[in-house]
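*Asks:* My questions will all concern the structure given below.
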Amino acid sequence: MKLSQLRALIAIADSGSFSEAALELGMSQSSISEALSALETHLQSSLVERGRFGARLTPLGEQVVIHARSALAAIDSIEQEVSFSRGSIQGILKISTFRSIASQLIPPVMAQLKQQHPKLQLELLECIICEKEDLLRPIYDGTADLAFLPHCESSEFMSWEIMEDPYMVLVPDALVQGDRIHPADLLNQPLIVSKGGDCTNRIMQYLSDHQIAPTEVIKVHDDFTMYNMVAQNLGMCLSPRLAIDYVPRGATMLPLASPLHRYINLAVRQGGLRTPAVRHFIRELKNLLPDSKLPHLDLVPELPRETQF
């Protein structure tokens, strides 16, 4: 079994195509096919089904590719450790995240890391809808080192709460009457929300808890569309502060008198703390958010060893 064979299997799994896997790895399609055939011969098992649908993993192949990703991640960790012993970190740090974290928190952390380790690369796996399952899936299958989770912890992976993100209200300027919004101020007003996702469910539960019934609920895909609709006096919207990149002319951002928050957590893949890039990312994030529950680098507990008998 060779690493090149595992890389070929992973590329086929990710692309669903031998030709696209070949392009990704800079190899010929015949070389990809030969690598997979050699791996299947070695394991005496079929890992990929071929057909008009392209290339699809067999049930066994789905399990094997998880271990293949772990094996390559271990190789990457070895290379990072050796590189770090020489004073720098190389490789790719892969993070599963969502828009507000990708735009607000990750850039300043990576800017600090890149100053110290310019050869370190970043790959963001961004989810459009902030669902725990979608954000954790790359951690499960080994395609991400870290995952940011909104308003939820992970019982399967080591995780820490990093911040409390308050919800704010965007209000048309014509309706502004004070320095904060009370639940009664939302009564009988059109409400503009994002389509689907945990954030919208949390907002609707907040309104229900305060016995607020919007006259209309307008659902849109894009946050910027939502903010601009408020500016045109089409309704109000509630949004986490971190998600509000700008306030358009004609709208005002105000806090809720009865607060609503979401709590952001960071999860790390199993064995991820062994990777220098992960440890340094966590350290820089802790510097940015000193009040978070992230551990200081020198306080990260030793990873458990196998019990000796």
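*Asks:* Amide H neighbours of Val217 under 5 Å, at least 5 residues apart or on other chains, H built in the peptide plane: list them.
*Replies:* Result for Val217 returns Leu191.
*Asks:* Efficiency by 1/(1 + (r/R0)^6): what FRET value for Val217 and Leu3, r their Cβ-Cβ distance, R0 = 45 Å, to the nearest 0.05? Could you put the intermediate results ahead of the total?
*Replies:* Numbers: r = 52 Å, r/R0 = 1.16.
The pair Val217/Leu3 has a calculated efficiency of 0.30.
*Asks:* In addition: Kindly express, to the nearest 10 degrees and within the range 0 to 90, the angle between helix 106-116's C-alpha long axis and the longest C-alpha principal axis of the chain.
*Replies:* 50 degrees
*Asks:* While we're on this one: List the extent of the Cα atoms of region 1-66 along each of their three principal axes, largest first, rounded to whole Å.
*Replies:* Principal-axis extents of region 1-66 (Cα, largest first): 26, 26, 18 Å.
*Asks:* Moving on. Only sites in a loop by DSSP and with at most 14 other Cβ atoms within 10 Å count here; which chymotrypsin sites (Phe, Trp or Tyr not before Pro) in region 180-266 make the cut?
*Replies:* Values: sites: Tyr206, Phe224, Tyr227, Tyr246, Tyr263; in loops: Tyr246.
The qualifying sites are Tyr246.
*Asks:* If you look at just the Cα atoms of the chain, how large are its Rg and its Dmax in Å?
*Replies:* Just the Cα atoms of the chain yield Rg and Dmax of 23.4, 73 Å.
*Asks:* Gain in length, Asp134 to Glu62, computed as 0.36 nm per residue apart minus the alpha-carbon separation, to one decimal in nm? Working shown, then result.
*Replies:* On the way: separation 72, 0.36 × 72 = 25.92 nm, distance 1.74 nm.
That pair, Asp134 and Glu62, stretches by 24.2 nm at full extension.
*Asks:* Would you mind getting the accessible area per residue of the chain, heavy atoms of the protein chains only, 1.4 Å probe, in Å²?
*Replies:* Details: 16300 Å² over 309 residues.
In whole numbers, the chain has 53 Å² accessible per residue.
*Asks:* Keeping the other protein chains in place, figure out the carbon and sulfur percent of the accessible area of region 27-160, with a 1.4 Å probe.
*Replies:* Answer for region 27-160 is 53 percent, counting heavy atoms of protein chains only.
*Asks:* While we're looking at this one, here's another question. Past 26 Å, Cα to Cα: identify those pairs from Lys94/Lys119; Lys119/Lys286; Lys219/Lys293; Lys94/Lys293; Lys132/Lys219, in the order given. List each step's numbers first, then the result.
*Replies:* Values: Lys94/Lys119 14 Å; Lys119/Lys286 22 Å; Lys219/Lys293 35 Å; Lys94/Lys293 22 Å; Lys132/Lys219 21 Å.
Lys219/Lys293, as the Cα separations exceed 26 Å there.
*Asks:* Just the number, please: percent antiparallel of the DSSP beta bridges in the chain, rounded to the nearest 5. Present the calculation step by step, with values, prior to reporting the outcome.
*Replies:* Details: 26 of 42 bridges.
Rounded to the nearest five, the antiparallel share is 60 percent.
The values are calculated or read from the model by the stated rules, or taken from the named source; none is laboratory data. None of these values were measured; they are calculated from a predicted model. A quick note on method: Cβ atoms are made from the backbone with ideal geometry, for glycine too, and the neighbour counts reach across all protein chains shown. Ligands, DNA and RNA are excluded from the accessible area calculation, which covers all protein heavy atoms including side chains. Shrake-Rupley method; radii C 1.70, N 1.55, O 1.52, S 1.80 Å.
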